[in-house]
Amino acid sequence: MSYFQNTVVYIEGNEKLRTPQIEAYINIKEFFRKKPNGEALVVLPTGTGKSGLISIAPFGVANGRVLVITPGIVTKKSVIKALHPLEDNFWVNRDVLFNPKDIPVVEEYEPDILDSHLEKCNFVITNVHKLQEGKKSSLLERVKSDFFDMIIVDEAHHAPAETWQRVFEYFSNAKILHITGTPYRGDSKEIPGERIHNTPLSQVMADKYVKWLRKKNVNSDDLFFTLPENPDKKFSIDEVIGFKDKEWIEKSIALSEECSLDVIRQSITELKQLKETSPNVPHKILAVACSIKHAEDVCKWYEKQNMKTVLVHSGMRNELIEKNLRQIDNNECQVVVSVNMLMEGYDHKYLTVLSIFRPYRSLNAFAQVVGRILRAIPDEEITNFAIDNNAVVIFHKEIGLDAMWMEFQKEVERANKLINIRDYTFLDREYENRKTEYGTIDKVDDYFVENEDSYLLAMDFNKLFQEARTNIDDKTDIEFNKVKNQLGLSEEGLEDVKKVIRKDLTSKNTSELNKMLIEKRPAMARAQYRKILKEKSDEVALELLEEKGIDPIATNLFDKFNKLIYKLQNNTTNVGIIVRYINDKLRNKFGPVDKRELETLSLSFEYIKNIIEELRRMI
């Protein structure tokens, strides 16, 4: 058995992980249980925790080493930051592992890495350029085809590229997991892998895992064009449409200083409003230009408006790029101007205003740039979520981006509906389903005895981890103080003694916690499945009503379902009725949800598709 099979981890039920991460992990584990050499696709919106998912995905799944492939340097650095123990140390900080000694061995692949180091790795991280065949430095020239048991592809919308395909063919027996935040490709090719999980952007907006989104168009009633072949005549937009194509008009507007200044002024207005209402949060503008020369001009135009601006593009020396990125990270600027340098894998949570100065033809590219402003600023840093995590996208109306924005507008509208609907608690449904959704309580004299599932849900391993760490700190100090004056050692020697005491106490606590985790893991997994199943029922019910154009908060479906749902109340909302029907059908087929085993809960997810098809015909 491998490291990933032997190591005890806390994933299901872990409050420090996000629900989409846990749900995706469960789906990954179930998929590869059924298809050990399969190829899967997971879609998680930018800012939801893709790097965290990469960190936990192999546990209980991989039987050997894991190769993580990224499309470029910026994305690779983002993954390394999440995985490498000397960076964020995701596993310990998120309570996935209690003992730091249990964290996996992670290395970035470089041509000069020793074979002995490679063999000790659990994770190897590289970008696709270091996998090209024919090069002596290529990883494919260094290892056998069975060296990796699992391959995780970050930003999977790049995966159809020829180099990537050769990698999959070389490691032909490996499990392949594609993860992307952008389920669109610019070349119309389908992203490979069986889609086993897709968290919609609307859901993570409603859950406040990412920023909310809004759009501001800039336009003018008096746009006039001057043509090189006719410099003395000005043409209105209606006139120029007669002899110039749409793309020419959009590019002319995008490159125009006058039109760009309108966008610049609006973006500065938005930033100033943010600063007035939330002065302690270092919000910034991200400005995206067409080319390096254009980016330099946009930078100058912002500077003329007294804005401190940083420019980042691929034509710069690496040292200058690193210097400018540090300026951004240290909040030494108000505006970041780029071309495509920061479009993928770059995360800076204070990018809140997006100014677009270029037309896009690819929904994938447009989604990438919007994704840069999605990362939410933590609650402890903000004045109010609706103020600080309410990103705005600004562009000139005539550069042709409204059609692409509509993909995001749909998600924004759906997120608003989800937020509103969650205000309705469906108490009637919850009461009638209390035996299948909640722990039952029996009263004995003056005491309450909770059933087993309710007890397990109350067992908070995050709290147990924290208590154990505090206990270790306290006991280490006590034991150390007992012996430090008797040993006659130097400061360095005493520090080594303290480390030995801490290591011994940590080992004992790890053993106890791991035993508890192993004992409770099946029940925690079942509880997590039930929670996700309930959320899935709510989600598909809303989707169905939206598809049919039925108001989810109205009650007009009562007459149609009154005889089908036991004791249905006439004030139950439409979405509540659909959820009730789904849960009743599941209960009739698989029994009460708290009695279902993991395999039956998994079948419940699949059966929801059949119920939705039935409902689609009914309403």
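So the values come out like this:
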read-out	value
Count of the range 537-567 residues which are without any contact (Cβ under 8 Å) to a residue 40 or more places away in the chain, of a type outside the set (S, T, N, Q) and part of a loop (DSSP other than H, G, I, E, B)	6
Qualifying residue in the range 1-11 (condition: at pLDDT 90 or above, assigned to a helix (DSSP H, G or I) and open to solvent by less than 30 Å² (accessible area, probe 1.4 Å))	yes
Residues being in a helix (DSSP H, G or I) and open to solvent by 70 Å² or more (accessible area, probe 1.4 Å) - total across the range 470-499	15
Lone qualifier among 281, 337, 298 - being of a type in the set (A, V, I, L, M) and within 26 Å of residue 71 (Cα to Cα)	337
Residues located in the range 305-362, provided they are farther than 20 Å from residue 291 by Cα and among the aromatic types (Phe, Trp, Tyr)	350
Matching residues in the range 208-231 - criterion: being part of a loop (DSSP other than H, G, I, E, B) and either of a type in the set (Lys, Arg) or at pLDDT 90 or above (or both)	208, 209, 211
Residue, surrounded by the most Cβ atoms within 10 Å (Cβ to Cβ), within the range 350-372, restricted to residues that are modelled with pLDDT under 95 and out of contact with any helix residue (DSSP H, G or I) (no Cβ under 8 Å at 6 or more places or on another chain)	368
Where a residue in the range 463-477 is among the polar types (S, T, N, Q) and its partner, wherever it lies, is open to solvent by 60 Å² or more (accessible area, probe 1.4 Å), with Cβ under 8 Å and at least six apart	476/502
Hits in the range 52-81 (condition: of a type outside the set (A, V, I, L, M), modelled with pLDDT under 90 and open to solvent by 10 Å² or more (accessible area, probe 1.4 Å))	71, 72, 76, 77, 78, 81
Pair list, Cβ < 8 Å and 6+ apart or interchain, from the range 580-594 residues that are without any contact (Cβ under 8 Å) to a residue 12 or more places away in the chain to residues that are open to solvent by 20 Å² or more (accessible area, probe 1.4 Å) and assigned to a helix (DSSP H, G or I)	591/600
Which listed residue is modelled with pLDDT of 85 or more, on the phi > 0 side of the Ramachandran plot and not aromatic (Phe, Trp, Tyr), from 102, 95	95
Residue list for the range 22-37, restricted to those being over 20 Å from residue 523 (Cβ atoms) and either open to solvent by less than 10 Å² (accessible area, probe 1.4 Å) or in a helix (DSSP H, G or I) (or both)	24, 28, 31, 32, 34
Sole exception among (1) surrounded by fewer than 17 Cβ atoms within 10 Å (Cβ to Cβ); (2) among the aliphatic types (A, V, I, L, M); (3) in contact (Cβ under 8 Å) with a residue 60 or more places away in the chain; (4) part of a helix (DSSP H, G or I) for residue 608, by number	(1)
Test: residue 377 is part of a strand (DSSP E or B), at pLDDT 85 or above and either closer than 30 Å to residue 328 by Cα or out of contact with any Ser or Thr (no Cβ under 6 Å at 6 or more places or on another chain) (or both)	no
Single residue of 505, 517 found to be over 32 Å from the mean Cα position of the chain (by Cα) and not acidic (Asp, Glu)	505
Single condition residue 157 does not satisfy, out of (1) touching a Phe, Trp or Tyr at 6+ places or on another chain (Cβ under 8 Å); (2) open to solvent by less than 30 Å² (accessible area, probe 1.4 Å); (3) at pLDDT 90 or above	(3)
Members of the range 576-618 found to be β-branched (Val, Ile, Thr) and modelled with pLDDT of 90 or more, listed by number	577, 578, 579, 582, 608, 611, 612
Matching option when the condition is of a type outside the set (Val, Ile, Thr), more than 30 Å from residue 15 (Cβ to Cβ) and surrounded by fewer than 19 Cβ atoms within 10 Å (Cβ to Cβ), among 519, 546, 535, 599	546
Which numbered condition residue 575 fails, given (1) more than 25 Å from the chain's Cα centre (by Cα); (2) open to solvent by 20 Å² or more (accessible area, probe 1.4 Å)	(2)
Residues that are in contact (Cβ under 8 Å) with a residue 40 or more places away in the chain, more than 23 Å from residue 327 (Cβ to Cβ) and either more than 18 Å from the chain's Cα centre (by Cα) or open to solvent by 10 Å² or more (accessible area, probe 1.4 Å) (or both), drawn from the range 373-391	383, 384, 385, 386, 387, 390
Which listed residue, of 129, 117, 197, 178, is more than 28 Å from the chain's Cα centre (by Cα) and either at pLDDT 90 or above or more than 24 Å from residue 24 (Cβ to Cβ) (or both)	117
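Yes/no per residue for (1) among the hydrophobic types (A, V, I, L, M, F, W, C); (2) farther than 30 Å from residue 236 by Cβ:
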position: 258; (1), (2): no, no
position: 261; (1), (2): yes, no
position: 271; (1), (2): yes, yes
position: 278; (1), (2): no, yes
position: 290; (1), (2): yes, no
position: 323; (1), (2): no, yes
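Conditions (1) of a type outside the set (Lys, Arg); (2) under 28 Å from the mean Cα position of the chain (by Cα), marked per residue:
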site: 564; (1), (2): yes, no
site: 571; (1), (2): yes, no
site: 584; (1), (2): yes, no
site: 595; (1), (2): no, no
site: 605; (1), (2): yes, yes
site: 616; (1), (2): no, no
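The values are calculated or read from the model by the stated rules, or taken from the named source; none is laboratory data. Quantities reported herein were computed from a predicted structural model and do not represent experimental measurements. Glycine also receives a Cβ, built like all others from the backbone with ideal geometry; neighbour counts cover every protein chain displayed. We work out accessible area using only protein heavy atoms, side chains counted, and drop any ligands, DNA or RNA first. Shrake-Rupley method; radii C 1.70, N 1.55, O 1.52, S 1.80 Å.
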